[in-house]
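Report on the following structure.
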Amino acid sequence: MGVVTYSPAFTIVPTYECFNRCDYCNFRQNPGQGWNLAGEEVRKSLALLHNQDVCEILILSGEVHPRSSDRPAWLTKIYQACQVALEMGFLPHTNVGPLSWAEMMALGSVNVSMGLMVEQVTPRWRETIHRYAPSKDPELRLNQLRQAGVLRIPFTTGILVGLGESVGDRHTSLREIAKIHRQYGHIQEVIIQPYQPGSGQVSSWAGCSMGELVETIAMARSLLPMDIAIQVPPNLLMQPQDLKAALRAGARDLGGIGPVDEVNPDYGHMTLAQMAAQLSREDFRLEKRLPVYPQYEDWLPISMQRAIAQWKQRA
């Protein structure tokens, strides 16, 4: 029986405000709408999770412009949320957009892993869905992967599929990720994320077909080193047979699963029992994992390694 993993997760969103305006986004709010969750509010929210088997605290945020006077306060809010999560025994994973070297060093010290989607490296997206999204510059995002590698931060990245990119674009994007991983060895998983339309988007894209997704998963498995896990978001697979097809193509991880997918709020998750039953019918076993993979644990400070050991004792 094969194994499919997931991370029991809860998401904290310091702000939905974002200076990017991606045509497909169902997450962002315009700047000026307000910030969420001061340090004590984070603590109160996490205190409710201790009996819910949640290990990963995903800190997910809209982006503040690098030259904005609000940027230092934004980074401090994120850092403090990670600190509180660690103090309360959880394992934080942060994905808040491109960071400077100093910002990544700071957040790397309070996270067991971090992430940033490459999305696609095609320059055509700068003229279409990313024309109002300066931080979606492909080289900026690839450089973030390199920066994480130099800093030895276990990292998650991925690509979006179904927004007008070509098969060649997907191949190039995956090849670039593989190249960076071969240099630094720090990418633990690559998400193959099918675009599905949501109520907040301004574009009219119809969504990724299952054929496109399966083809891209198989491409990823052939191009990426085997120590990188291929992840698919199960709530974005529209039919029960889609998960079976994704697994046959090479996916083996379902990502962080929590009450709400903040990036795709129109698409809810099955219950874990439903998911486990479906996987069992396909001869797979659903297993929990931590937000840092075992081969990267000794990269982390001793205090984080101790927290990880405590979680393993609970398993």
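The values are calculated or read from the model by the stated rules, or taken from the named source; none is laboratory data. Source: prediction; values computed, not measured. Cβ placement follows ideal geometry from the backbone for every residue including glycine, while neighbour counts extend to all protein chains displayed.
The condition (being in contact (Cβ under 8 Å) with a residue 24 or more places away in the chain, among the aliphatic types (A, V, I, L, M) and closer than 16 Å to Y24 by Cβ) is satisfied by just one residue among L145, L116, L163: L163. Here is a check on your reading of the model: is N26 modelled with pLDDT under 90, under 30 Å from A276 (Cα atoms) and assigned to a loop (DSSP other than H, G, I, E, B)? Taking the combined requirement at face value, the residue satisfies it.
Looking at L290, L286, L272, which is the one that is under 28 Å from P240 (Cα atoms) and touching a Cys at 6+ places or on another chain (Cβ under 7 Å)? It would help to see each step written out before you state the result.
Numbers: L286 fails: touching a Cys at 6+ places or on another chain (Cβ under 7 Å); L272 fails: touching a Cys at 6+ places or on another chain (Cβ under 7 Å).
Just one listed residue meets the conditions, L290.
Assess whether Y16 counts as being farther than 30 Å from D283 by Cβ, out of contact with any Asp or Glu (no Cβ under 6 Å at 6 or more places or on another chain) and at pLDDT 90 or above. Here the answer is yes, as Y16 does meet what is asked.
Considering only region 281-293, I want to know if a residue exists there that is among the hydrophobic types (A, V, I, L, M, F, W, C) and either at pLDDT below 95 or farther than 25 Å from G89 by Cα (or both). Yes, because at least one residue in region 281-293 is among the hydrophobic types (A, V, I, L, M, F, W, C) and either at pLDDT below 95 or farther than 25 Å from G89 by Cα (or both).
Of the residues examined, Y184 is one that is at pLDDT 95 or above, aromatic (F, W, Y) and surrounded by fewer than 21 Cβ atoms within 10 Å (Cβ to Cβ). Among the residues here, I177 qualifies as out of contact with any helix residue (DSSP H, G or I) (no Cβ under 6 Å at 6 or more places or on another chain) and either assigned to a loop (DSSP other than H, G, I, E, B) or among the β-branched types (V, I, T) (or both).
Looking at the structure I just gave you, is Q196 crowded, with 21+ Cβ neighbours inside 10 Å and within 14 Å of the chain's Cα centre (by Cα)? No; evaluated as a whole, the condition is false for this residue. The single condition among (1) in contact (Cβ under 8 Å) with a residue 12 or more places away in the chain; (2) under 24 Å from F155 (Cα atoms); (3) surrounded by fewer than 22 Cβ atoms within 10 Å (Cβ to Cβ); (4) out of contact with any strand residue (DSSP E or B) (no Cβ under 8 Å at 6 or more places or on another chain) that A102 does not satisfy is (1). Would you mind stating whether E176 is under 24 Å from G256 (Cα atoms), in contact (Cβ under 8 Å) with a residue 40 or more places away in the chain and among the acidic types (D, E)? When the stated conditions are applied, E176 does not pass them. The single residue among G211, G207 that is on the phi > 0 side of the Ramachandran plot and more than 18 Å from the chain's Cα centre (by Cα) turns out to be G207. Residues in region 86-115 that are under 26 Å from I191 (Cβ atoms) and either at pLDDT below 95 or more than 18 Å from the chain's Cα centre (by Cα) (or both): L86, S100, W101, E103, M105, A106, S109.
The numbered conditions (1) over 17 Å from D261 (Cβ atoms); (2) part of a strand (DSSP E or B); (3) within 17 Å of the chain's Cα centre (by Cα) are all true for P14 except (2).
Every residue, every condition in (1) farther than 23 Å from G207 by Cα; (2) surrounded by fewer than 20 Cβ atoms within 10 Å (Cβ to Cβ), yes or no:
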site	(1), (2)
G108	yes, no
N111	yes, no
L116	no, no
P123	no, yes
E127	no, yes
E139	yes, yes
L145	yes, no
L151	yes, yes
T172	no, yes
